[in-house]
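*Asks:* What follows is a structure written as structure tokens; I'll ask about it next.
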Amino acid sequence: MDIKVKVRGIYSTGLIKYLLEKGYKVTQLSRKQQRRFGIKSKEEPDIIINDTPDRLGIIVKGEKRKVLRLLADFKEDFWDSIFLVSIKGVITKGKLIEKKENEALIETDYGVGVLPINEVEGEEMFVQIVEEEPLRFTTRIRLEGKYVIIIKGGFHNISNKIPQERQLELEKVLQEKAKPGFGIYFKPSSAKAKIEDIKKEIDALYEKFEKKEFEEKIVARVYFGYHSKRLIEEYRNKVIPTIRKHLEYRTSKTFNIIVDLAEKILEKDPNLRELVEETILEVNAEKIKERGTVIRMHLKPWNKSHQKIEAVKDIKIVENKFVLETIRPIKPGGTYDQLNLPIEPGDYAVCKYKEGEFYYEVYYYSKDGNLKFKYININTPIEIFGTRIRYFDLEIDVIEREGMKMVVESEKFEELFRKGIISSKLYNFIKELVEKL
């Protein structure tokens, strides 16, 4: 399958090298990437990859079949990552099952959902997914191009980010190209586009409506795991000198400049790699000690995530990885989940984190220092950078108390696998890990 990919963001150099070695084509490279790879293709991409807003992962957009092919390769090679696929916006065939007072039940390849009764167009029709859980559809289909969006049954509009003088030019285009039953929205990107290019795009989108040639496009978010980031850095290092943990440091304002300096040093003398990487880790460790606290980012693949501030008890560097201990008080009242043990005044927890591990341990003590139980949280590999601890919780844990072990929340873990949020490799790895623990 011939797949052309456009890549932007902090992961771009490593991913472009990876994609080229996997047989993908890359297109529309930035000037910097053109110089690095010697590729000047301007072909339209099938898939576009950008950073997530927090730069902790990537957003993959494109035709469903091709995006799923790419994700299959990602799951094989970047197996410790989290994969969140959204079908919102997908256009698919729907079949009317039942009419109700205000809505109709529609059956699609993605399941049964509801459609406003006033949008029903017959026994069979094309629908667009507007909500995923529960499934909701519309027949007011939106087709998006580079410069415009055409909406069936919609209104005409021009982005207010476009200068007034340019808006007047686009209004003339609108007068020429408007069709009954369709609305045209001019995106900010149309501000500097050639008028002829905009007109061609409008005609092409109308043609898709007329021929009902609707591509099923999906959006996926990929949050690379600790070990996947090291692999991406290895690919990047084939192109340009790259320090270990480059990708984590790029998300930190404090370390961003340090990365540039460190990699310039490596360009001049590659033999200094070990010294440079060790020094940055030591600087990071000192920063954590000085601050005295870290922020634990307990991320959930589909539920609300949360952050906790924890006091630093100890931090070490072992084999170029952080080993961190924190301590936090437990608010009295109520009971500990799963154990029916009362939470008493003075209870506290000591957490032990090892960078790159798929779990961390929490030891719960009474005010007298007696161990009540040990809780093992299973997660994607621990990342420690700046003053943050980050991981995705995998909805399965182990509790140890008085020589007994108990596995909890395993059904939610199974659902992560069934929904494709984790790879089969990660699923099997965690199953074996839980058995060993």
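*Asks:* So if I take the centroid of the Cα atoms in region 20-50 and the same for region 57-119, what is the distance between those two points in Å?
*Replies:* 27 Å
*Asks:* While we're here: Going by amide H atoms built from the backbone, whose H comes under 5 Å of the H on S86, apart from near neighbours?
*Replies:* Placed amide hydrogens put V219, A220, R221 under 5 Å from S86.
*Asks:* Can you tell me the equivalent ellipsoid semi-axes for region 153-291? Use √(5λ) from the Cα gyration tensor, largest first, whole Å.
*Replies:* Working: eigenvalues 514, 69, 48 Å².
Value: 51, 19, 15 Å, ordered largest first.
*Asks:* In whole angstrom, how long is each semi-axis of the equivalent ellipsoid of region 91-216, when you take the square root of 5 times every eigenvalue of its Cα gyration tensor and sort them from largest down?
*Replies:* Numbers: eigenvalues 206, 37, 31 Å².
For region 91-216, the semi-axes come out at 32, 14, 13 Å.
*Asks:* Let me understand the chain better: what is its radius of gyration from the alpha carbons, and its Dmax, in angstrom?
*Replies:* Here Rg and the maximum Cα pair distance are 26.0, 81 Å.
*Asks:* Could you list the residues of region 93-135 with an amide nitrogen less than 13 Å from a label point located 7 Å from the Cα of K212 in the Cα-to-C-beta direction?
*Replies:* It comes to 93-96, 121-127, nothing else.
*Asks:* Cut-off 10 angstrom, C-alpha nodes, Gaussian network model of the chain. Which of I82, I158, I309 fluctuates the most?
*Replies:* With Cα springs under 10 Å in the chain, the top fluctuation among I82, I158, I309 is at I158.
*Asks:* For K405, list the aspartates and glutamates whose Cα falls under 19 Å from its own Cα; do not include residues on the same chain fewer than 8 positions away.
*Replies:* D337, E361, E395, D397, E432, E435
*Asks:* If you put +1 on each Lys and Arg Cβ and -1 on each Asp and Glu Cβ, how big is the dipole of the chain around its Cα centre, in Debye rounded to 20?
*Replies:* On the way: 82 positive and 74 negative charges, 308 e Å.
With only Lys, Arg, Asp and Glu charged at Cβ, the dipole is about 1480 debye.
*Asks:* Taking a threshold of 24 Å on the Cα-Cα distance, which of the pairs K308/K367; K6/K66; K308/K419; K17/K66; K95/K212 fall above it?
*Replies:* Values: K308/K367 21 Å; K6/K66 13 Å; K308/K419 28 Å; K17/K66 19 Å; K95/K212 16 Å.
Violating the 24 Å limit, Cα to Cα: K308/K419.
*Asks:* Please quote Rg/Rh for region 211-268 to two decimal places, taking the Kirkwood radius as Rh and restricting both calculations to Cα atoms. Intermediate values should be presented prior to the final figure.
*Replies:* Working: Rg = 16.9 Å, Rh = 13.6 Å.
Result: Rg/Rh = 1.24.
*Asks:* If each DSSP helix of 4+ residues adds -39,500 (n - 2.57) and the sum is divided by the residues in the chain, what number results at 222 nm, nearest 500 deg cm²/dmol? Write out the running numbers ahead of the final one.
*Replies:* Numbers: 11 runs with 135 residues, N = 437.
Taking each H run of at least 4 residues, the total per residue is -9500 deg cm²/dmol.
*Asks:* Shifting gears a bit: Using +1 at the C-beta of Lys and Arg and -1 at the C-beta of Asp and Glu, which of T326, F429, V398 has the Cα lying farthest in the positive direction of the dipole of region 315-437?
*Replies:* T326
*Asks:* Using the alpha-carbon centroid of each, what span in Å lies between region 166-212 and region 222-291?
*Replies:* Region 166-212 and region 222-291 have Cα centres separated by 46 Å.
*Asks:* Across region 290-295, in residue order, what do the Karplus-derived ³J(HN,Hα) couplings come to in whole Hz, using 6.51 cos²θ - 1.76 cosθ + 1.60 with θ = phi - 60° and x for Gly and Pro?
*Replies:* With coefficients 6.51, -1.76 and 1.60, one gets 5, 5, x, 9, 10, 9 Hz.
*Asks:* Mind listing the phi-derived Karplus ³J(HN,Hα) values for region 373-387, rounded to whole Hz, using 6.51, -1.76 and 1.60 with θ = phi - 60°, and x for any glycine or proline?
*Replies:* Once θ is set to phi - 60°, the couplings for region 373-387 become 5, 10, 10, 10, 8, 9, 7, 5, x, 5, 10, 10, 8, x, 10 Hz.
*Asks:* Let me ask you something else. With equal scatterers on the alpha carbons only and no solvent term, can you work out the Debye log10 of I(q)/I(0) for region 292-436 at 0.16 1/Å?
*Replies:* For the requested q values the scattering log ratios are -0.95.
*Asks:* Around I162, under 14 Å between beta carbons, what's the net of Lys plus Arg minus Asp minus Glu among the other residues? Can you show the working numbers first?
*Replies:* Working: positive: K161, R166, K172, K187, K192; negative: E165, E169, E171.
Around I162, the surrounding residues sum to +2.
*Asks:* For a quick check of your reading of the filter: which trypsin sites (Lys or Arg not before Pro) in region 328-392 sit in a DSSP loop and have no more than 14 other Cβ atoms within 10 Å? Working shown, then result.
*Replies:* Details: sites: K352, K354, K367, K372, K374, R388, R390; in loops: K367.
Taking region 328-392 and a limit of 14 other Cβ atoms within 10 Å, the loop trypsin sites (Lys or Arg not before Pro) found are K367.
*Asks:* Quick one: of K61/K208; K22/K238; K253/K289; K4/K177; K64/K229; K304/K354, which pairs are farther than 22 Å apart, Cα to Cα? Let's see the in-between values first.
*Replies:* On the way: K61/K208 19 Å; K22/K238 15 Å; K253/K289 19 Å; K4/K177 31 Å; K64/K229 25 Å; K304/K354 24 Å.
Beyond 22 Å between Cα atoms: K4/K177; K64/K229; K304/K354.
*Asks:* Given H placed on each backbone N at 1.01 Å, which residues far from Y360 in sequence or on other chains put an amide H within less than 5 Å of it?
*Replies:* Close amide H contacts, sequence-distant or interchain: N377.
*Asks:* Between the DSSP loop rule and a limit of at most 11 other Cβ atoms within 10 Å, which trypsin sites (Lys or Arg not before Pro) in region 98-152 are left?
*Replies:* Listed in order of number, the matching sites are K100.
*Asks:* Given the options Q167, Q175, Q33, which has the most mean-square fluctuation in a GNM of the chain, springs set between C-alpha atoms less than 10 angstrom apart?
*Replies:* Among Q167, Q175, Q33, the largest mean-square fluctuation in the Gaussian network model of the chain belongs to Q175.
*Asks:* At each listed q (0.17, 0.20, 0.24 Å⁻¹), what is the log10 of I(q)/I(0) that the Debye formula gives for region 40-111 modelled as equal alpha-carbon point scatterers?
*Replies:* Debye intensities relative to I(0), on a log10 scale: -0.82, -0.97, -1.19.
*Asks:* Could you work out the equivalent-ellipsoid semi-axes for region 24-173, taking the square root of 5 times each eigenvalue of the Cα gyration tensor, largest first, in whole Å? It would help to have the intermediate numbers written out before the result.
*Replies:* Details: eigenvalues 227, 133, 34 Å².
Over the Cα atoms of region 24-173, the ellipsoid semi-axes are 34, 26, 13 Å.
*Asks:* Work out, in µm²/s and without decimals, the Stokes-Einstein translational diffusion coefficient of region 393-437 at 25 °C, 0.890 mPa s, Rh from Kirkwood over C-alpha pairs.
*Replies:* 222 µm²/s
*Asks:* Something else about it: Which one of G145, G356, G62 has the biggest mean-square fluctuation once the chain is modelled by GNM with Cα springs under 10 Å?
*Replies:* Top of the fluctuation ranking is G145.
Here, each number is a calculation from the coordinates, and none is a lab measurement. All of these numbers come straight from a predicted model, not from anything done at the bench. So basically every Cβ, Gly included, is an ideal-geometry build from the backbone, and we count neighbours across all protein chains shown.
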